[in-house]
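Bear in mind that the values in this text are calculations on the coordinates, not laboratory data. Just so you know, these numbers come straight off a predicted model, no measurement behind them. Virtual Cβ from ideal backbone geometry, glycine too; neighbours counted across all protein chains shown.
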Amino acid sequence: MNISYIILIPMIPLAVFLLLGIFNQKIKPSISGYVGVLGLLASAILSLYAAYQYFFIDGKVDGVYQTFVDKTVWMNFTETLHIDMGILIDPISVMMLVVVSVVSLMVHVYSRGYMKGDDGYTKFFAFLSLFTFSMYGLVLATNLFQIYIFWELVGVSSYLLIGYYYTKPSAVAAAKKAFIVTRFADLGFLIGILIMGYYTGTFDFETLNNPEGSAILNWASTSFMGLSVITWGLLLIFIGGAGKSAMLPFHIWLPDAMEGPTPVSALIHAATMVVAGIYLVARLFPMFYFVENGFALNIVAYVGAISSLFAAIIAITQTDIKRVLAFSTMSQLGYMMLALGVSGYDGHEGIGYMASMFHLFTHAMFKALLFLGAGSVIHAVHSNYLKDMGGLRKYMPITNMTFLIAALAIAGMPPFAGFWSKDEILVAAFEHHKLIYYIGVFVAGLTAFYMFRIYFGIFWGKEKEYEHKPKESPLSMTFPLMVLALLSVIGGFIPFSEFVTADKSGFEAHLNYPLAAIAVSVGLVGIILAWVFYKKENNLADKWAKAFGPFYKWTSDKFYFDEIYLFITKKILFKRVSAPIAWFDKKVVDGTMEVIGNKTVLTSKKIKGLQSGKVQDYAFAFVGGTVILALVFIYLWTN
């Protein structure tokens with residue numbers, strides 16, 4: 001398979017970023033929007049062509065999808081340990097190319113209408129292109145260090161976009177929070193990479209993922225605190241993935257990331273930053289699965305399940321619709337993580353791996369649709385809060401219908417895309433870990449409830465007295481909604497198990513009717529409860545909130561994780577740790593240097609007369625010295 005043209009997919013948005021960034025003040029905003037869209041359109045076409053060529057023409061040999069690599073050595077340390085730059089083509093990288101391309105293209109088109117009239121219009125499209133380039137580089141990476149380079153570039157891009165409204169203090173604070181929190185997680189990732197390189201002698205994914213290769217076998221004999229060094233390396237790498245994908249306890253940056261423009265929220269939450277952690281675990285899945293009977297993979301499963309449940313509970317009580325969607329994203333990412341954690345490897349045993357990637361694919365479409373739909377509503381009513389919305393279905397029929405499709409998809413209602421991928425996740429959990437399965441079913445019910453809570457709150461309920469009569473968004477904003485709605489309807493009918501599997505051989509998946517019926521029934525219960533509570537204005541929600549008492553308060557305050565981190569940071573780290581260190585640095589280290597400096601200055605003042613620069617002083621010293629030497633000589637001679 002010829003893959004040389006694939007390098008153009010990331011290079012086009014990079015060129016767009018450089019063009020719009022360098023000539024920011026010279027390019028007209030109307031032109032910069034078209035440049036950004038056309039650039040992503042070109043990358044999307046190439047991505048779809050690559051997917052067609054790989055999955056239907058050249059990718060499969062003897063029933064197994066092949067891996068194609070085109071790379072060059074960038075930094076060479078030893079014969080085996082070197083950092084390469086290149087592209088790796090296999091089922092999950094091709095799938096991610098399609099996801100990133102489609103969602104990014106829709107976000108670019110949508111942004112032309114949403115950001116119209118903004119002072120930084122051209123700069124915004126430059127940042128979007130940088131973000132997309134970073135994600136392309138991440139999914140095409142051939143080794144751990146290359147993925148880490150683009151991993152950090154994604155972080156920088158998110159910082160720029162979350163803090164886009166740099167005159168707004170809350171946006172600046174949110175950008176810093178996202179950047180700093182993920183730095184702590186990325187430190188674990190970096191240490192894990194260094195451990196990998198030290199013990200295996202390679203960063204290369206193909207070598208690391210070979211179950212029979214020396215990279216894994218040689219590590220098995222080296223242990224630390226009861227676990228093999230390879231397991232510790234995988235756990236540290238997973239910490240990086242948990243930070244990027246907002247798993248507990250690194251989730252606190254995600255809700256605040258809503259401070260950026262809504263298209264940014266769609267891009268971060270649907271196809272780029274947050275799924276990078278899922279992709280990282282999937283990329284190293286053979287290592288996670290085969291080392292120490294999947295000990296690290298069990299950790300992935302538990303973290304995913306707990307994060308999914310935790311976020312779903314919080315989402316029920318939030319009143320900012322973008323924050324509801326943010327916690328929804330965290331919950332769905334937890335679903336993907338737990339699916340990887342309960343997966344086998346060969347054939348149907350790897351259904352969890354397939355289901356995770358399938359849900360990543362479908363979730364990208366309906367979550368982007370939810371965020372862009374929320375942006376359309378915010379654009380019309382100029383508020384993020386449910387209390388300022390109601391009865392908008394008559395004013396915004398396209399947004400209403402597309403948002404409803406997305407809500408049904410994420411609630412797992414057939415025949416929408418989310419039903420098929422979520423069902424496969426629950427099947428995998430049921431076959432491998434019953435407790436995680438029950439958590440998954442409960443989360444499915446909570447998801448249906450909180451999604452239809454905001455749907456009914458926005459489009460039904462009591463119509464508010466709007467300052468300006470709401471109206472449907474322009475075509476540049478509704479067209480992406482309609483495209484994503486179509487994908488949210490038909491995306492689940494893709495026979496995904498034939499294309500993306502752990503062992504790359506494919507298998508035929510079948511709907512498990514009893515488990516599907518349970519999940520759909522639980523989802524319907526959630527929708528019906530939301531209908532009762534929120535379709536028409538009543539005080540049922542307030543009564544139940546009071547009935548739950550302190551628990552409701554804890555939930556609405558996100559279980560005080562932010563406050564706990566602030567306490568640890570300010571009261572313990574800053575006051576108890578940093579302050580004494582700062583005192584020692586200032587008083588002892590700086591003080592010692594100042595004493596040495598002051599003594600040097602004082603001594604120099606006392607002796608500087610010896611080098612006055614005056615000839616008579618030097619002549620006097622010379623003559624005086626000569627006389628003294630003469631007297632000493634005479635004294636010694638006479639005695």
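At a glance:
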{"quantity": "Pair list, Cβ under 6 Å, 6 or more apart: segment 555-579 residue in a helix (DSSP H, G or I), other residue of a type outside the set (Ser, Thr, Tyr)", "calculated": "555/313; 555/314; 558/314; 561/252; 562/252"}
{"quantity": "Yes/no for residue 602 being part of a helix (DSSP H, G or I) and surrounded by 12 or more Cβ atoms within 10 Å (Cβ to Cβ)", "calculated": "no"}
{"quantity": "Residue match in segment 520-530 (condition: hydroxyl-bearing (Ser, Thr, Tyr) and surrounded by 14 or more Cβ atoms within 10 Å (Cβ to Cβ))", "calculated": "no"}
{"quantity": "Residue that is nearest to residue 356 (Cα to Cα) [pool: residues in segment 62-120 that are assigned to a helix (DSSP H, G or I) and hydroxyl-bearing (Ser, Thr, Tyr)]", "calculated": "93"}
{"quantity": "Those residues of segment 40-61 which are in a strand (DSSP E or B) and either small (Gly, Ala, Ser) or touching a strand residue (DSSP E or B) at 6+ places or on another chain (Cβ under 8 Å) (or both), in sequence order", "calculated": "none"}
{"quantity": "Test for residue 338: is it under 18 Å from residue 275 (Cβ atoms) and part of a helix (DSSP H, G or I)", "calculated": "yes"}
{"quantity": "Only listed residue being touching a helix residue (DSSP H, G or I) at 6+ places or on another chain (Cβ under 6 Å) and under 20 Å from residue 131 (Cβ atoms), chosen from 44, 50, 15", "calculated": "44"}
{"quantity": "Meets criteria (over 30 Å from residue 320 (Cα atoms), out of contact with any Cys (no Cβ under 9 Å at 6 or more places or on another chain), surrounded by 10 or more Cβ atoms within 10 Å (Cβ to Cβ) and charged (D, E, K, R)) for residue 557", "calculated": "no"}
